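Notes follow the structure.
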Amino acid sequence: MTKQKARAIIYFLIALSGLMALSYGLLKTETNKEDIYLYMVMASGGASFFGIGAGLLISTMLGTEIDDLKEYFFNEEHISSKHEDAKYCSGEWNLYHVSLKKDERVWMHGVTNFRIGKEPGSLQGEIYWSDKKNNKKKYILNVGIRSRKLIILGYQENETEQHLVMAIENATAPNIDIKCGIQLHETWDGFPDISPVLMSRYPITDEKLDNVWQSEAEKQKITISFSYN
């Protein structure tokens, strides 16, 4: 007998005992008015044991599905997508973005593998980027697609750094090899910043990534407009 079956039998017996105590207590409260409080306590305790046993039994029979549901509703951030969009954007991608260190712009590169998440239409991934001390740090990425825009919510694992948000245009356009967008994030110097982002299935060989971003943005008719008035 497996441990899971043994636990299921124990939980079943707890639930059954609770149900019997509940039923007996309720029956006696109707027929024995002298000891009504005793039987009310018995019924209340039986109900508690029945609830505990039934809950544990259901959790055991469903295996990890209860844990998956708890994780989905309470622990993770999610952006849902159409199934076909999530499938198209899954797989390996090269991600590039800019950070600032002592007012010097530095392009950072990492490779991630977007995989279909537990819930329908979601994508998840991890990526390693260097911090200001040049140590590799792991980032958790939650991904969704809206109207050809790929949106990434990312955060550094086990750190207090602010979340980053990326918005990348034309993610589902098959005729565009290099996708471009922007990122809202915290720089190495600790300041909020808006910086360019590039995403490609293959590494970008051109070292002048600023020129690549500008060229792709012009081709895709992507503009950035700021007004300080």
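The values are calculated or read from the model by the stated rules, or taken from the named source; none is laboratory data. Bear in mind the structure is a predicted one, so any value in this text is a computation, not a measurement. Because the Cβ atoms are built from the backbone with ideal geometry, glycine has one as well, and the counts that use them run over all protein chains shown. The protein model used for the area step is the full one, side chains on, heavy atoms only, and it has no ligands, DNA or RNA in it. Shrake-Rupley method; radii C 1.70, N 1.55, O 1.52, S 1.80 Å.
A compact table of results
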read-out	value
DSSP-loop trypsin sites (Lys or Arg not before Pro) across region 107-169, with at most 10 other Cβ within 10 angstrom	K133
Part-to-part distance (alpha-carbon centres) for region 144-183 and region 193-227, which is given in Å	13
E216 accessible area, 1.4 Å probe, all protein chains in place, Å² to nearest 10	30
Estimated inter-spin distance, S225 and E92, nm [label 7 Å along Cα→Cβ]	4.0
Per residue, in Å², the accessible surface of region 78-229 once ligands and nucleic acids are set aside, probe 1.4 Å	59
